[in-house]
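Asker: Can you keep this structure in mind? I'll have questions shortly.
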Amino acid sequence: MRKIFSIFVFLLSSAIYLLSSNDYLMKRIAAYRYEWASPMGSDRYTFGDLYGFSYLKDYRIKIEKKPPVISQCQKPGNINLYMICDSYLWSFVKTDSIFCGVDKLKYARWKYDEQIDEKLDTSKKNILIIEVSERLSRKLLIDTVEMYTSMRVYKGSPSTSYPKKLETLWEKIQRYLFNKRINENIEFNIFDYSFLTPIREFRAELNYKIFERPNKDVSVSKDKKYLFYSATTDSSKSTSSFNFLSDDEISNIVYCVNNAYRHFKVIGFDEIYLSIIPNPVTILEPTYGKYNNLINRIQERRDLLPPLINVYPLIDSSSSENYYKSDTHWNYDGFQIWVDETNRILKMY
C-alpha cells in the first residue's frame, strides 16, 4: 500500500511539474479557472491582482467591468490604428468602435513576443500609438528592437529588417523544462483554489494586523484606502515613482524614442504618438516618497519628436473613482479619460 501511495505521489508531482512548465497549457488552464465560479476555480483576479497577491480581506472588492462609451464621432472610418501597448490598454480595449474614425485596430503587447507583419493600406491614415505604463517606461522605451520587431509593417515590398528571432532546440528545451514562472505556476496548481481563500485571508490578516507585514509585492496607502504595487513604491527599484532618475537617463530614453519615431515614419506611418500612463501611486499619493517626475521630464523635452496622448494632467489627483482599490490598473473611468483624449486627436484626421 505504501509503495502504491509513493508511486501515486510521484506521478502526481511529475504531472504538476510538467504542467507548470508548459506556458501554453498554463495559459489555457489559468484562463479557464479564473472564470470558473467554483470552489476549484481561482478568485485571484476577481477582486484585483493586488488582492490576489495579498489576500487582505478589507480589499476583497469585486472588480466592476463596464465597457467604455462607444464613439459618437460621425467621421467615416479612414484610420487604421496600430498600438504597441501594455495591459493598461490591451486588457481594456475590446472593440475598435470606441475610437473615432477607426476602420481597423491592431495591437502588439509589450513582452509577449508578438509581431504584426503586414502591408500598410496607403489609402488610409495609418496611426501608431506607443503606450507604456510609467513603471515599465524606463526599460521598454529604450528597447527599440522590440518596437521594430513588434510592428514590421511596410508600404511596398515586405521589409527584411529585424527578423523575428528563432529559438534554437536547446532554448526551447530550456523554456519548457526551466520555466521562469515555475514556482508561481506550481503554487497556482497546488494551492490557488477558491475553497482555500478563507485560510489564505486568515494568514494574511494575521501577518498584517499583528506584524504589519503585507505581502512583499503590495504596499498599503497611508489612508488605508488603496493597495499599491510595491514595485511602484519601493524607491530602490527602477519601476518606482520614487527611484532616482538622472538627466542622462532621460536623455537616453528620449534618444531611443526619437529613433523609433524616425523608423516608423520611414516605413510609412502617418503619425506616431507616445502615451505614458501614470502609476496609481503617482496620482493617488504622490507624497508617498520623493517623486522623480519621470512623465513630465520626458514629455516636456523640446527635442522629443512624437506628439503625445497625455492623460497625466487630465486625471484628477483628488478623484479616486479612476482607480481600482485593489488592482495595479486604472478602472474603466480612468481608461475612458484616455479614450476621450485619443478621440480628440483622431478627429483631426
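Asker: Given a Förster distance of 30 Å, report the FRET efficiency between Lys57 and Asp333 from their Cβ-Cβ distance, rounded to the nearest 0.05.
Answerer: The formula returns an efficiency of 0.75 here.
Asker: By counting other Cβ atoms within 10 Å of each Cβ, how are His263, His329 ranked from fewest to most?
Answerer: Ordered by Cβ neighbours within 10 Å, fewest first: His263, His329.
Asker: What FRET efficiency, computed as 1/(1 + (r/R0)^6) with R0 = 56 Å and r the Cβ-Cβ distance, is obtained for Glu341 and Leu11, rounded to the nearest 0.05?
Answerer: 0.50
Asker: Work out the length of the dipole vector of region 233-315 about its Cα centre, built from +1 on the beta-carbon of each Lys and Arg and -1 on the beta-carbon of each Asp and Glu, and round it to the nearest 20 debye.
Answerer: 60
Asker: Using only C-alpha atoms and all pairs of different ones, pull out the Kirkwood radius for region 262-342 in Å with one decimal.
Answerer: The answer is 14.2 Å.
Asker: With a sphere of radius 11 Å drawn around the Cβ of Asp49, what net charge do the other residues whose Cβ falls strictly inside it have (Lys, Arg +1; Asp, Glu -1)?
Answerer: -1
Asker: In region 198-349, if the dipole is taken from +1 on Lys/Arg beta carbons and -1 on Asp/Glu beta carbons about the Cα centre, which of Ser251, Val339, Phe202 is farthest to the positive end?
Answerer: Value: Phe202.
Asker: Between region 68-99 and region 110-139, what's the alpha-carbon centroid distance in Å?
Answerer: 13
Asker: What percentages make up the Cα-Cα pair-distance distribution of region 215-349 when the bins are 10 Å wide from 0?
Answerer: With a bin width of 10 Å, the distribution comes to 11, 36, 34, 17, 2.
Asker: Report the label-to-label distance for Asp247 and Leu206 in nanometres (one decimal), using points 7 Å from each Cα along the Cα→Cβ vector.
Answerer: 5.4
Asker: Next question. With a point put 7 Å past each Cα toward its Cβ, work out how far Asp270 is from Cys256 in nm, to one decimal.
Answerer: Result for the modelled spin labels: 3.0 nm.
A short reminder: the numbers here are calculations on the coordinates, not readings from a lab. This is a predicted model, so every value here is computed, not measured. Cβ: placed from backbone, ideal geometry, glycine included. Neighbour counts: every protein chain shown.
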